[in-house]
Structures are given as C-alpha cells and as structure tokens.
Amino acid sequence: MNASERTAPPWQGRYVTLDGMRGIAALAVALFHYNISQAPHGYVAVDFFFALSGFVLCRTYLPRWRAGLTVWGFMKQRVVRLYPLFLAGIVITTLSAMSNHWTGKGDVYSYAKIAKSLPFNLLMLPSPFTNTLFPTNVPAWSLFFELVASVGLAVVLFRVPRMAQLGIALIAAWFFAPEVLDRNGGNLGPLWSQLGITMLRTTMSFSIGVWLAGLPAKDVRHPGWLGLFCFVAIVAMLVADPAFVPKGWYDLACAIVVAPLLVWLGSRGEPSRVLMPMAWFLGEVSYAVYAVHWALMEPLRYFKDDLGWNDVLMGAIYLAACVGLGWLCVRYVDIPLRRRLNVMLHARARHVPPRAIPS
C-alpha cells in the first residue's frame, strides 16, 4: 500500500491537545461529583469548556458565517451536535434516578419531581417547577447554557468588532468576580437562584474564547512538550486545592486567567505522536462522559461509601465506567442519530417528502 492509499488517522487536522484537555476536564467533573476530595476544583472545568467552545466555534463557523450561513442554519447545526447525547444523558440519568429512589433516596429523586421536570428536560429546557434546572442530570445546566451561548455567538459576537468581544468578556468578569468572592467560590450554575451569575459565567468564558479565536493561528502545530505541558497543567488546575489561596480567589484565577490561557496554549502545539491517539479518544468521548456520568455516581458510591472499598480504586473504576458508557453512547446513539437528523434536515431543505428519506 502506497502513501496515497493509506487512511489518515482520525486526529489529523484536529486540535489534538484541546481534544485531550477536554477529555481530562470531563473526567475531572465526573470525579468531582463522585468524590469531591479527589478533584476539589473539578467544576472549574466548566469555565474551560465555555472558553474552549467559544474558541472552536468561532474558528469553525466564522468563515461559514461570512459566506452566508444564517442564524437559523447555525442553530440547527448546533442542536444536531448537542441534542443526541443530551437526550441520552437525560434518559439514562432519569432511569438511574428512579432506581436510586427505590434504594431510599427519598424526595431527592421523588417520582413527583421527575414527572414535573422530565417533559421540559427532554426538550433541552430547564424545569420551571424545581429549584434545580435539570434535577435528574444536574450537570446538564451547562449544556443548556452552551446552546444559549451559541445564540449569543450568532446574534451578537459574530457581528461586533474584536474589541467589543473582549469588552463583553471583561464587563461580565467585572460583575462575576464579586459574586464568586461573596460565595467563596464553588460550583455555581445548576440552580434557578444562581441564574444571574450563571449568565455572567457563561458570557465571560465564552466571549473570551471567541476573542482568542481571532488571535493569529499557527500554520503548523508541531508535536512536542507544549501538548504534554497543557495536559499536566489542566490536571493540576482541577485537582489542586492550595490551602494558602482562598477558594473564591482560586476559582476566579482559574476561570478568568488560567482556563483561557490553557485554551490558547493548547491551540499552539500538539502532544507527542505517542499520546495523540489517547488524547483524540478522550476528546471524542468527553461530551458523552459529561452527559451521562451522573447516572453512575450513586450506584458506584455504594461500593465506596457503604462497603468501604478503597477510594482510589473506586475512583478509577468509576471513571472507567463513565468512559465505557460514554463510548457506547457515542457509538450507538450520537453517531446514528446525528446522521439521521442531518439527513432529515437536508431533505427538508431540498423539499424532499419524508417518505423519500432513507431509513
């Protein structure tokens, strides 16, 4: 087989360092929810996600926007990308919540709460009848705000100068900072009572990511030390808990400075060729891990909390289970459902009758 006949690796042409960091961040969020002591600042990964999303979406869609992509066309593509795994997460976590109720979780997973929230949550909307936006899959709040940020990108950020993008990020940070310090940091976003600070958090990180996307890009990103440094740095950011830094100040520094800096650095270099397959794989399953990990949390806590199994061992088993379930969701839900949705949307755009859509 000659060189022209060889199949290019799936990570070719991608920001592999950013893929790997996204995967690490998703695992850190899962570990934070499972055992907070093992990833005490895992929730800061959400600020990284928003900055990364703003960066990648701007690099990907701004040329298409300038070529005539409409707001409606952009949002259809975003829904197709986000909804299949969001739906899988809601369904799986709801089934898990119902089983948790049988084991004595009481009102935390009551059938009444599930019944009131589920019709809205299935539509990727927060529940107006519960204090938690997505009661059976609490982390899904950030996926909803990812969609809100996408609207902001198409309606505002694509249309304003770069200095205005930076100004929006700085204004949001100005109002975000005192809110974080007043609460001494913490995971802010899942509750209706936190709606204002959640909007500030999303706007700040997403806008700075969009602004970073406008900085000069490297034509060639060579494999080397920079990719490995980024992997180590994001692990340190999420699992460190320095006693000499107040929690609120630590979270602010990570959200406003460190997370955006890691996005920019990650776009400048790639990991070694040995690490590329693993980094790409972690990136591929990262969204699925984030969407479904809540379902495995309580069942696997039984072994840690009730049976007394080793915390480190159970943390590793839990993360492996999250990756396994995430991969199954990507393979058997995300890929086929996104393909089907794209066929339907393209057929409708061409005015093809539904019966002509291949099954």
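The values are calculated or read from the model by the stated rules, or taken from the named source; none is laboratory data. In this text, all values refer to a predicted model and were calculated from it rather than measured experimentally. Don't worry about glycine lacking a Cβ; one is built from the backbone with ideal geometry, like all the others, and counts go over all protein chains shown. Just so you know, the surface numbers come from the protein's heavy atoms only, side chains and all, with ligands and any DNA or RNA stripped out. Shrake-Rupley method; radii C 1.70, N 1.55, O 1.52, S 1.80 Å.
The residue of region 114-151 that is nearest to Pro63 (Cα to Cα), among those that are buried (at least 18 other Cβ atoms within 10 Å of the Cβ) and of a type in the set (Gly, Ala, Ser), is Ser150.
Candidates Leu307, Leu238, Leu275: the one that is modelled with pLDDT under 95 and touching a Pro at 6+ places or on another chain (Cβ under 9 Å) is Leu275.
Note on region 72-83: residues that are open to solvent by less than 50 Å² (accessible area, probe 1.4 Å) and under 14 Å from the mean Cα position of the chain (by Cα) total 2.
Close Cβ contacts (under 8 Å, 6 or more residues apart or on different chains) running from residues in region 303-325 that are under 21 Å from Ala26 (Cβ atoms) to residues that are polar (S, T, N, Q) and open to solvent by 60 Å² or more (accessible area, probe 1.4 Å) comprise Asp311/Ser37. Against the list (1) at pLDDT 95 or above; (2) more than 21 Å from Arg22 (Cβ to Cβ); (3) not polar (S, T, N, Q), the condition Pro260 fails is (2). The residues listed here are Ser359, Ser286; of these, the one that is at pLDDT 90 or above, polar (S, T, N, Q) and at negative phi is Ser286. Within region 235-247, residues that are closer than 21 Å to Asp182 by Cβ sit with their Cβ atoms under 8 Å from residues that are open to solvent by 60 Å² or more (accessible area, probe 1.4 Å), at 6+ positions apart or across chains, in these pairs: Pro246/Asn184; Lys247/Asn184. Residues that are in contact with a Gly (Cβ under 8 Å, 6 or more places away or on another chain) and within 22 Å of Gly23 (Cα to Cα) within region 234-249 comprise Leu238, Val239, listed in sequence order. If the condition is being among the basic types (Lys, Arg) and within 18 Å of Arg268 (Cβ to Cβ), then region 21-66 contributes Arg22, Arg59. The condition of being open to solvent by less than 20 Å² (accessible area, probe 1.4 Å), in a helix (DSSP H, G or I) and at pLDDT 95 or above holds for only one of Ala154, Ala97, that being Ala154.
Within region 248-288, being under 18 Å from the mean Cα position of the chain (by Cα), open to solvent by 50 Å² or more (accessible area, probe 1.4 Å) and not hydrophobic (A, V, I, L, M, F, W, C) holds for one residue alone: Glu284.
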